[in-house]
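**Q** If you scroll down you'll find the structure; I have some questions about it.
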Amino acid sequence: MDETYKILCLLNLLKKETQGDLDVQYVIEGVAVWRRQLAPYSQKLRHTLDTVARAVRPLEEFLNGLRCPSSQKVAQAKRPGFLAAMSILLRWPDLVQAQLMVLGYPIVGDFVESGVFRSIRGEDTPALSEWLGPSAVQEVDLLLQRGPPRYFREIYEVTCEEIEKGFCGPFLSKLEVDDLFGVGQWRPFERFMVIQSDGKQRCIDNARKSGHNRNTAMFETICTTSVDFIACTTSMLLEGVGEDREWLQVRLGTDDLPDAYRGLPVHPDHQRFSIISLFHPQRGWQFSLLFGLAFGLESAVVSFNRLPLFGIAMARRCTMSCSASYYDDQLALEFLPDFNVSQLGVQCVFKLLGAPPQPSKAFSPAANRYYLGTSVHTGDCALSAMVRFQPKLTTTYKILRMLDEVCQSRVLTRDLAGRLRGDLNWMYSMCAGFGGKLAGPLLSKCQQADSTTLSADEIYTLEMLRHLVANYRPREVPLLSRDSPVLRVYSDASFEGGELRLGWVLFPPGCQPVGGTCLVPPAVLQSWNVRQQQIFPGESLCGLLVPWLHPKSFCSADVVWFIDNESAVASLIKASSDQPDVHRIVQTSQAVLQALGARTWFEWIDTESNPSDGLSRDGLLDVWTQSQGWSVKDYAFPPELLPDTFSSLLEHLLSGVNSG
């Protein structure tokens, strides 16, 4: 049982140290000490920060004279002098961000690490000379021969708005761009439009199709926050203050930075790569210089996120703001009932950086707020030490309506697949782990074609997804450490002589262990993909069969489940597999576990440490199992899981899982 002990210790550590940033700990400890006096203290801190910004105004004026043309157009309000000064004072690793704000950001080629993100191994990029020259001329000529793309009028209107704002230059012909940069010495993006689920039109510059991303080598990848930041930081505070909480009221506020990628300038040497192409209603294909970073560039993701990451670090360290960021969405977590320390800190910092949050998109702190597509309730934090996450009700109804439409027509268009995928990722990735990605492979496939006629299996996947959406339970997260009873599960499968047998052992808290074994019928094996070994789907099948046979043990339980097959563990965690038969098994397993309210952690274990190994090989005749004193039973394979009735399993889920 050493493996079990290690996993339980790991889970306990994850609860306590998920948000282990030192500046977060600093803020939480400060809140616990200052309490109600934090309001006047934070005012003094913001005043001090403002004093620093005033002191470097001469530096700002000097740097204004060094700005490149694109910086003058899109980043004139940014304050690189204050950015540089605070980077040095805070000993921030990224010391070149202020320089880039003045001289512009590169967008292709090899990128130097900023030192603030996770390092990765970048791929070698081809020489830019191979991307330019005759191949560049050919690609532009092919573009000019094509007709208007989808939504070309809407793309034109959005681009005209960007020209008015100064983000783009005037429309140019190919000859005019050749005069600027030379024949074959420039590469445009092809602009396309996505209609978001809320009806908002978003233009994307296809840097993947144009080759920009292929000619970019990144050696770091960003880290983002999630709604779990709220639970983790509040948990840290509650554990620090103990029972004295009469002063505490947890609230949530949000802000949105202006311009996002467009507010960062392109380096003059890379302007020839920052050109958008679009179809003009009167002139045909035209081009426009894009002075800010393009939405669609791989490099723009890292370049932009350097700014909010530094701004949040400054807000935490200099204003006692308990805050976080997800791209341009800023989160402020308040702990006092009548003063907004965190949100005022965030707004102060980004205003001094020259990127003040947009007042029209700001939401003042409240106990019920939306963040990252999730409804968050913090009103019970002080009293019951609990925070609740759940999908937005309007989004739930919208997804159900779209799924009903698709299942009735049996056709899924590219746009609808994109909207479904976006909403589901937001809705359920934040609330239900991988459950929201159950139909991910199908939706990705349908995004590659204009329209897809769905097969019976694909309809089943969407019906299963609809069941998950309609029956989702709010996720309530306890904020104080507690020794919750954990159901330990071990399962295994053996495939010998063409016969597949499953075995499992359940260790319910404080109860006699329960074991089981089941012989999988030949009809089930025949319905699977042909393999020399059926261990992989067999091990995965345990993830469905065991909770189906023991629903009372799994109901609202915290489960740690050990399996000695790595592929099965990975598939059950992701609720997805590239093997169609396994994919259906694990997605149904996810639906059953969610219907039971089970919170399950799947973990690999070596075969020798797996106590269910004997049950999977010899069934009830296993000598070692007989000596354990467990309650063991040989189960018949459930008829609902047979191939002929498997598709009707959805009806059982809708009416409630088998009561056992």
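The values are calculated or read from the model by the stated rules, or taken from the named source; none is laboratory data. Just so you know, these numbers come straight off a predicted model, no measurement behind them. Backbone-built Cβ (ideal geometry, glycine too); neighbour counts: all protein chains shown. Surface areas here come from the heavy atoms of the whole protein model, side chains and all, with no ligands, DNA or RNA. Shrake-Rupley method; radii C 1.70, N 1.55, O 1.52, S 1.80 Å.
**Q** How much of the accessible area of the range 449-495, probe 1.4 Å, is carbon plus sulfur, in whole percent?
**A** Accessible surface attributable to carbon and sulfur in the range 449-495 totals 45 percent.
**Q** Let me check I've understood the local charge: for Ile459, count other residues with C-beta under 13 angstrom from its C-beta, Lys and Arg +1, Asp and Glu -1. What total comes out?
**A** -2
**Q** So, one more: When ranked by the protection proxy of mean other Cβ atoms within 10 Å per residue, highest first, what sequence do the peptides 152-159, 264-271 form?
**A** The packing order, highest mean first, is 264-271, 152-159.
**Q** To the nearest 20 debye, what is the magnitude of the charge dipole of the range 128-219 about its Cα centre, counting +1 on the Cβ of each Lys and Arg and -1 on the Cβ of each Asp and Glu?
**A** It works out to roughly 380 debye.
**Q** Provide the packing ranking of 293-301, 457-465, i.e. peptides ordered by the mean count of other C-beta atoms within 10 Å per residue, highest first.
**A** 293-301, 457-465
**Q** Further question on the same structure: Can you give the charge dipole size of the chain about its Cα centre, rounded to the nearest 20 debye, using +1 on the beta carbon of Lys and Arg and -1 on the beta carbon of Asp and Glu?
**A** 2060
**Q** Residues in the range 265-302, backbone N under 14 Å from the label point at Glu176 (7 Å along the Cα-to-beta-carbon vector): list them, ranges by number please.
**A** 276-290
**Q** Contour minus end-to-end for Leu400 and Asn471, with contour as 0.36 nm per residue of separation and end-to-end as the Cα-Cα distance?
**A** That works out to 24.5 nm of additional length.
**Q** Which one of Leu487, Leu541, Pro522 has its Cα pushed farthest toward the positive end of the charge dipole of the range 479-546, where Lys and Arg give +1 and Asp and Glu give -1 at the Cβ?
**A** Leu487
**Q** Report the calculated FRET efficiency for Arg118 and Arg208 (r = Cβ-Cβ distance, R0 = 22 Å), to the nearest 0.05.
**A** 0.50
**Q** Roughly what would the spin-label model give for Gln37 and Gln512, points 7 Å off Cα along C-beta, in nm?
**A** 6.2
**Q** Okay, moving on. Viscosity 1.306 mPa s, temperature 10 °C: Stokes-Einstein D of the range 94-146 from its Kirkwood Cα radius, in µm² per second?
**A** Answer, rounded: 111 µm²/s.
**Q** Count the DSSP beta bridges whose two residues both fall in the chain, then state the antiparallel fraction as a percent rounded to the nearest 5.
**A** Beta bridges within the chain, antiparallel portion: roughly 70 percent.
**Q** Right, another one. Of all accessible surface on the range 37-79 at a 1.4 Å probe, what whole percent is carbon and sulfur?
**A** Carbon and sulfur: 56 percent of the exposed surface of the range 37-79.
**Q** Keeping every protein chain present and rolling a 1.4 Å probe, give me the accessible area per residue for the chain in Å².
**A** 45
**Q** Past 30 Å, Cα to Cα, is the threshold; run Lys73/Lys361; Lys44/Lys200; Lys44/Lys165 against it and keep the listed order.
**A** From the list (Lys73/Lys361; Lys44/Lys200; Lys44/Lys165), the Cα-Cα distance tops 30 Å for Lys44/Lys200; Lys44/Lys165.
**Q** Here's something else I'd like to know. Could you tell me the accessible area of Phe495 in Å² (1.4 Å probe, neighbours in place), rounded to the nearest ten?
**A** The accessible area of Phe495 comes to roughly 40 Å².
**Q** Over all pairs of distinct alpha carbons, what does the Kirkwood formula give as the hydrodynamic radius of the range 473-566, in Å?
**A** It is 15.0 Å.
**Q** Then there is this: What does the net charge come to around Leu412 if you take all other residues with beta carbon closer than 15 Å to its beta carbon, with K and R at +1 and D and E at -1?
**A** Its environment carries a net charge of -1.
**Q** Another question, then. Just the number, please: Stokes-Einstein D of the range 155-277 in µm²/s, Kirkwood Rh from C-alpha pairs, 25 °C, 0.890 mPa s.
**A** 129
**Q** Also, quick follow-up: Under a Cβ-Cβ cut-off of 12 Å, what is the net charge of the residues other than Asp205 that fall near it, where Lys and Arg count +1 and Asp and Glu count -1?
**A** With Lys, Arg at +1 and Asp, Glu at -1, the neighbours total +3.
**Q** Given 0.36 nm per residue, what is the gain on full extension from Gln138 to Asp244 after removing their alpha carbon distance, in nm?
**A** Full extension from Gln138 to Asp244 adds 31.0 nm.
**Q** To the nearest 10 square angstrom, what accessible area does Asp338 show with a 1.4 Å probe?
**A** 120
**Q** Name all residues of the range 390-427 having a backbone nitrogen under 19 Å from the label point set 7 Å from the Cα of Ser556 along its Cα→Cβ direction, giving them as ranges.
**A** 390
**Q** Given axes a ≥ b ≥ c from the Cα gyration tensor, I'd like to know whether the range 192-249 is rounded (a/c under 1.5), prolate (a/b larger than b/c) or oblate.
**A** Taking the square roots of the gyration eigenvalues as a ≥ b ≥ c, the range 192-249 is oblate.
**Q** Place +1 on the Cβ of every Lys and Arg and -1 on the Cβ of every Asp and Glu in the chain, take the dipole about the Cα centre, and give the residue among Ile459, Gln594, Leu95 whose Cα lies farthest towards its positive end.
**A** Positive-most Cα among the choices belongs to Leu95.
**Q** Which of the peptides 104-117, 46-59, 531-544 is most tightly packed, and how do the rest follow, judged by the mean count of other Cβ atoms within 10 Å per residue?
**A** Result, highest mean first: 531-544, 104-117, 46-59.
**Q** Please work out how much accessible surface Glu61 shows to a 1.4 Å probe, ignoring ligands, DNA and RNA, in Å² rounded to 10.
**A** 140
**Q** How far apart, in nm, are the 7 Å Cα→Cβ label points at Ile163 and Trp604?
**A** 5.7
**Q** Using only Cα atoms, what is the ratio of the radius of gyration of the chain to 2.2 N^0.38 Å?
**A** With N residues counted in the chain, Rg over 2.2 N^0.38 Å equals 1.09.
**Q** Let me ask another. How many percent of the accessible area of the range 514-601 is carbon or sulfur, using a 1.4 Å probe?
**A** C and S fraction of accessible area: 54 percent.
**Q** Provide the gained length on full extension for the span Ala55 to Gln99, in nm with one decimal, where the gain is 0.36 nm per separating residue minus the Cα-Cα distance.
**A** 13.9 nm
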